[in-house]
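The structure appears below as structure tokens.
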Amino acid sequence: MFSKLGDLKEMRSQAKAMQAMLAQEQITADYKGISIIMNGNQEILNISISDDAYNNKEELANNLKTAFTEAIKKVQRLMASKLGGLV
């Protein structure tokens, strides 16, 4: 029973190390004048919107959704590649 607690503690330690490593990684997603920088823990670090992207409110909202979706997909691919290297 106590050996399983040690295994659990080791897994927790590895998860914290992975989270710290991912926090150091950054991705940038650009879409139609919108740039989103996100770290590996899916925290948004910066959002930039060009003046041209403000032309149409509805289009801006759709482009923001697309840019965020792309940023999240990039982070997920980053996470998968980092986790794949550990297995």
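Only the coordinates and a few stated rules stand behind these numbers; no lab work does. None of the values given here were measured: they were computed from a predicted structure. Cβ coordinates were reconstructed from backbone atoms using ideal geometry, including for glycine residues, and neighbour counts include every protein chain displayed.
Taking segment 71-87 as the search range and keeping residues that are under 22 Å from LYS32 (Cβ atoms) and surrounded by 16 or more Cβ atoms within 10 Å (Cβ to Cβ), which one is nearest to the chain's Cα centre (by Cα)?
Going through the qualifying residues, I end up with VAL75.
Can you name the residue in segment 7-47 that is of a type in the set (S, T, N, Q) and closer than 14 Å to THR66 by Cα and is also surrounded by the fewest Cβ atoms within 10 Å (Cβ to Cβ) among such residues?
Filtering segment 7-47 for residues that are of a type in the set (S, T, N, Q) and closer than 14 Å to THR66 by Cα, the one surrounded by the fewest Cβ atoms within 10 Å (Cβ to Cβ) comes out as THR28.
Condition test on GLN42, is it among the polar types (S, T, N, Q) and on the phi > 0 side of the Ramachandran plot?
Details: among the polar types (S, T, N, Q): yes; on the phi > 0 side of the Ramachandran plot: yes.
When the stated conditions are applied, GLN42 passes them.
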